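The next block holds one structure in the form of structure tokens; read it before the comments.
What follows is calculated from the coordinates using simple rules that are stated; it is not laboratory data. Note that the coordinates shown come from a computational prediction; the quantities given were computed from them, not determined experimentally. Cβ atoms come from the backbone with ideal geometry, glycine included; neighbour counts cover every protein chain shown.
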Amino acid sequence: MKVNRLGIMGGTFDPIHNGHLVAAEMARSEFNLDKVLFIPSGTPPHKNRRDVSAANLRYEMVGLAIKDNPDFDLSALEIERDGLSYTVETLRLLRCAWPEHELYFITGTDALLEIFSWREAEEILTLIQFIGAARPGFDASDFLLKVQKEHPETQGRIHYLEVPALAISSTDIRSRVRHGQPIRYLLPESVRLFIQQHGLYLAEKMPDKTQI
């Protein structure tokens, strides 16, 4: 894959929904990204393992969701790696793969607020630029000013992007499935049918992670 500006969309994607897709597409357009690479997490360090659907199922859902967009690609990098999925390890590998390219990590601003709780956060901020995709009504300006004041090296490396569709959440979709409420139009139809076919989110406990 030959690109100059690459967007990285990491996350559990349990399930992937239209908010993720709109954020990725808006970031691609706004920041002139050549590609957006979706990387489903293998074993998220901040979540209960039993509360996360099997990795192969989450990977398949992302593949279904992005297959009609030539500007989106999918990677099994974290799923194929043993152990917990730490962002810093993924970014080191990506930086080695594309040493001369501009890399942008796309994430929600709510997750960005917790960045200093991530493993080796200081190094993360030097490896990649961040695009904070904001839900409606979320004001990240104070946080961005605070980060840039305390960490001058991040100046110009953390960007803000308002994405109205981020009112949709994976948590809400899982809850809707459990309670028999509709999820149509909140996520791609292919993903909705996949959830239905595999009986996902009908119980409180999710299957353990499996390797793809």
Net charge of neighbours whose Cβ lies under 14 Å from the Cβ of Asn69, counting Lys and Arg as +1 and Asp and Glu as -1:
-2
In whole Å, what are the Cα extents of the chain along the three principal axes, biggest one first?
48, 37, 33
Considering only Asp73, Asp14, Asp51, give the residue with the highest GNM mean-square fluctuation for the chain, with springs between Cα atoms whenever their separation is below 10 Å.
Asp51
At R0 = 25 Å, FRET efficiency that the Cβ-Cβ distance of Lys146 and Arg119 yields, to 0.05:
0.75
Using the crude model of +1 on Lys and Arg Cβ and -1 on Asp and Glu Cβ, and no other charge, please compute the dipole size for the chain relative to its Cα centre, in debye to 20.
580
Could you calculate the contour length gain from His179 to Leu202, that is, 0.36 nm times the residue separation minus the distance between their Cα atoms, to one decimal place in nm?
7.5 nm
Springs between alpha-carbon atoms under 10 Å, Gaussian network over the chain: tell me which of Glu150, Glu80, Glu89 tops the mean-square fluctuations.
Glu150
Using the charge dipole of the chain (Lys, Arg: +1 at Cβ; Asp, Glu: -1 at Cβ; taken about the Cα centre), state which of Ala65, Leu37, Tyr160 has its Cα farthest towards the positive end.
Ala65
So how far apart, in nm, are the two label points at Gln155 and Asp34 if each is 7 Å from Cα heading toward Cβ?
2.9
Running a GNM on the chain with Cα contacts under 10 Å, which residue among Phe143, Phe38, Phe105 ends up with the highest mean-square fluctuation?
Phe143
Roughly speaking, what % of Cα-Cα pairs in the stretch 44-102 are separated by over 12 Å, rounded to a whole number?
75
Starting with the fewest neighbours, write out Tyr201, Tyr160 ranked by other beta-carbon atoms found within 10 Å of each beta-carbon.
Tyr160, Tyr201
Quick one: compute the contact order of the stretch 5-198, relative version, from alpha carbon pairs under 8 angstrom and 6+ residues apart, as a percent.
27
